[in-house]
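Here is the structure we will look at.
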Amino acid sequence: MMKTRLLSAQGQYQYGDEGLIEQWRDQGGSILWLDIEGELTADIQNLLLSLKCDPLAISDCSRVRHPPKVEEFDHDTFILFRGMSGMDEDLNLQPMPVGMWVSERLLITAHPGHAVSVQHFWDQEEQQRLLKTPNILAMRILHYVGGRYLDKLMEFEDTLAGLEDALLADETDTVMRELVVYRSRLRKLHRIFSYHRALAEQILHGGTIHLGSGKDKTHHVRRDLFDRCERLHSLCHMYYEICGDLVESHISITSHHLNNTIKILTIITAVFIPLSFIAGLYGMNFQHMPELGWHYGYFTVLGVMLTLAVGMLALFRKIRWL
């Protein structure tokens, strides 16, 4: 599906399909927003080429798993970022690549499915009149995408707190599985946010002719975009580290309990080793063993064994093994 929005030099809006492109070309002061939803077919690619979009950028936009990037060309600046078609409370992300070509009089957005961020500004653009500055509109779309990610991460904070409480309450098996799953999903999100942070940093510090650079009127918009991407990156990294700390804490607690169990078993073994030795010694079937003929031999050996056991337990208690 392809739709267009044309802002004339007199400030009048028109809506339609690709038929407005020729009208935009004829009107020198007009600005066009072309939104493409769906696959970039051969006809659409030819249309993009006629609008002086670079073939490599078109190819990158067609690839589902291409990492986010920003690249400056002679006629426009191409931005590719990872949008969100959906993400639930368990951080299951359904990503969607969104490509944008930004120039002085043209904004092109391309996405394979429904893009909430693009549709948000498409519905409200006439009231906000952001199409007068396509570069600011493009960065506002990026900022809105970051806001959607941020809302989901903030919701996850309560989930993480609940997992920590459950871990302290010894509900370990289920919690450990959930922590491992969340850590894996946070690692994927962290990789996406790393790309977005690098993209926003390049836009802020380097800039382009079409997006703005330095301390011009777009500086605060570029700064806001970088701040949001930086917060996403740091927040995701913090949650990832917290999940890792909780997993390591559980392993440490489990190891401590295991060490205590092994220590008790070791003490029991240490107590019974000399007793087993004495029992084994007098259990040998030799013919000449003088103690076997002694009337009080049995009770004496039992006393010696009891004294050894009590003495060893007292020794272990003295050295704080018990």
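Just so it is clear, none of the values below were taken in a lab; they were calculated from the coordinates. Only a predicted model underlies this, so the values are computations on that prediction, with no experimental measurement involved. So basically every Cβ, Gly included, is an ideal-geometry build from the backbone, and we count neighbours across all protein chains shown.
Restriction of the trypsin sites (Lys or Arg not before Pro) in region 1-44 to DSSP coil positions whose beta-carbon has at most 11 other beta-carbons within 10 angstrom yields no sites.
Only helices enter the 222 nm calculation for the chain: every DSSP H run of n ≥ 4 contributes -39,500 (n - 2.57), and dividing by all residues gives -20500 deg cm²/dmol, rounded to 500. For the chain, the relative contact order works out to 13 percent when only alpha carbon pairs closer than 8 Å and six or more residues apart are counted. Listing T109, T254 from fewest to most neighbouring C-beta atoms within 10 Å gives T254, T109. Between the amide H of G83 and those of M96, V98, distances stay under 5 Å, these residues lying 5 or more places away or on another chain, with hydrogens modeled in the peptide plane. Taking L56, L107, L292 in turn, the Gaussian network model of the chain (Cα-Cα springs below 10 Å) assigns the largest fluctuation to L292. Placing +1 on the Cβ of every Lys and Arg and -1 on the Cβ of every Asp and Glu, with nothing else charged, gives the chain a dipole about its Cα centre of roughly 1060 debye.
Computing FRET efficiency as 1/(1 + (r/R0)^6) for K3 and H237, where r is the C-beta to C-beta distance and R0 is 41 Å, gives about 0.60. Hey, how many Å between the Cα centroid of region 257-322 and the Cα centroid of region 48-69? For region 257-322 versus region 48-69, the Cα centre distance is 81 Å. Our estimate of slack between V304 and R25, defined as 0.36 nm per intervening residue step minus the Cα-Cα distance, is 89.6 nm. The label point for L49 and the one for R105, both projected 7 Å from the Cα toward the Cβ, are 2.3 nm apart. Take every pair of alpha-carbon atoms less than 8 Å apart whose residues are at least six positions apart; their mean separation over the length of region 88-236 yields a relative contact order of 26 percent. Membrane-span-like helices of the chain, defined as complete DSSP H segments with a Cα extent of 15 Å or more along the helix axis and a mean Kyte hydropathy of at least 1.0, are identified as 297-318.
Ordering Y240, I251, A166 by the projection of their Cα atoms onto the charge dipole of region 2-253, which places +1 on the Cβ of Lys and Arg and -1 on the Cβ of Asp and Glu, puts Y240 at the extreme positive end.
With contacts defined as alpha carbon pairs under 8 Å and 6 or more residues apart, what's the relative contact order of region 1-94 in percent? Across region 1-94, relative contact order equals 18 percent.
One chain, two ends: I264 and R177. Fully extended at 0.36 nm per residue, the span grows by 28.3 nm beyond their Cα-Cα distance. If you count Lys pairs in the chain whose Cα atoms are under 22 Å apart, skipping same-chain pairs closer than 8 places in sequence, the total is 9.
Distance between the modelled labels on A161 and H256, one decimal in nanometres: 2.4 nm (7 Å Cα→Cβ projection). Summing charges over all other residues whose Cβ lies under 14 Å from the Cβ of I36, with Lys and Arg as +1 and Asp and Glu as -1, gives -4.
Of the trypsin sites (Lys or Arg not before Pro) found in region 262-322, the ones in coil according to DSSP and having at most 16 other Cβ atoms within 10 Å of their Cβ are R320. Legend: translational diffusion of the chain by Stokes-Einstein, Rh = Kirkwood radius over C-alpha pairs, 10 °C, 1.306 mPa s; D = 64 µm²/s.
Starting from the 7 Å offset along Cα-to-Cβ, what nm value, one decimal, do you get for the label separation of N285 and H219? Here the answer is 10.1 nm between the modelled labels.
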